[in-house]
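Values quoted throughout were computed directly from the atomic coordinates according to the rules given, and no laboratory measurement underlies them. Predicted model only: the values in this text are computed from it and were never measured. Here the Cβ positions follow ideal geometry from the backbone for every residue, glycine too, while neighbour counts run over all protein chains shown.
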Amino acid sequence: MADGRAPARTARPPSGATDEAEGPRRPDRLLRCAGTVSQLALGGLLALSPLIDAAGPVSSPAFLLAGLLLGLPHGAVDHLVPAWLSARGRPVSARVALLVAYPAVAGVGLTAFRAAPDLALVGFLIVSVVHFGTADEAFHAERDRRPIRPRVAAVLAYGGPPVVVPLALWRDQVDPLLAAVAPRAPALLTVEVRTLALATVLCAVAATAIREVRAGRVRDAVPPALLTALFSTVPPALAIGAYFAAWHSCRHVARLLRHDPGNAADLEAGRVGPPLRRFARQAAAPTAVAVAALLALVTWPGHRADPLPATVAVLAALTLPHAALVAWTDRREPVLRRPAG
């Protein structure tokens, strides 16, 4: 230049971010596959719905218990996540604090279920809607390498069907399950409350589908409709169990595999087997502890608990710290600081 000054440099966006001039990055392969698998699993269950009633007692709580237990490992490595997302190793004091705080919060939730089971169950249902919805929003954003910014309508569109639709459309099967956990909970969820909640969720599903189509993400307009159709036609015990194991847990585990720095080389090379085995080793001990605690509640001499209420209470208690940690993870937006693999 005439004045001898070097031309100014243009700031570059963080690796993995979306650049409006270049357009969105290529979707992450692992998360895209996990999303496809979860949709195929629940889509297949929906396609078989006409044959399900003739197949046997699919309304049995055993299907719900099986799905909940199969999905239990997805939160078993929560204690490792903060270190995975930290730029440097977290101090020992921080790790100890997390190991103490996590069971403490879970203990508060379990105590709430014993002290006021009806209010605790209603609160758990609300937390579940938010957790399920924000999890799917974060999954799609991380898959597309976009910033994680949950939208209220989308959270309701993804988190509402697994909770609200069975409550509104399957009262004859859902209320006995609720009453087994908290006897007065069905009375708190009046017909008016359920109808209003269902109408809100259906409006959110429609609004989200329209928004995704307008944004050019036509495929993302399908899942909310799929979830709504599934929970409208398949008995809730089977639908919720399948959703928790094959959708929510599957997608969360896929995100965890990406967050673990030890999996970077394998995922970069397209190898999923070693990361899955690594995750299985990491999740084995915490899962065993949770299952042992559940078995103790169910089989302890003189204080035996019904398996269904005990399982729901334990999972609800674990959901509180798990949902808080996942929310913290989403706020970190790790996708913006991780190169496209």
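Nearest 20 debye, what's the magnitude of the dipole of segment 76-333 about its Cα centre given +1 on Lys and Arg Cβ and -1 on Asp and Glu Cβ?
720
Using the 10 angstrom Cβ neighbour count as an exposure proxy, how do Val96, Val105, Val234 rank, fewest first?
Listing Val96, Val105, Val234 from fewest to most nearby Cβ atoms yields Val96, Val105, Val234.
Between Val218, Leu318, Ala207, whose Cα lies farthest towards the positive end of the dipole of segment 76-333 when Lys and Arg beta carbons carry +1 and Asp and Glu beta carbons carry -1, centred on the Cα centre?
Value computed over the given set: Val218.
Give the shape of segment 76-333 as rounded, prolate or oblate, defined through the alpha-carbon gyration tensor: a ≥ b ≥ c are the square roots of its eigenvalues, a/c under 1.5 means rounded, and otherwise the shape is prolate if a/b is larger than b/c and oblate if not.
Judged from the Cα gyration tensor, segment 76-333 comes out oblate (a/c at least 1.5, b/c at or above a/b).
Can you put Ser49, Ser38, Ser249 in order of Cβ neighbours within 10 angstrom, beginning with the fewest?
Ser49, Ser249, Ser38
Can you put Leu125, Leu257 in order of Cβ neighbours within 10 angstrom, beginning with the fewest?
Leu125, Leu257
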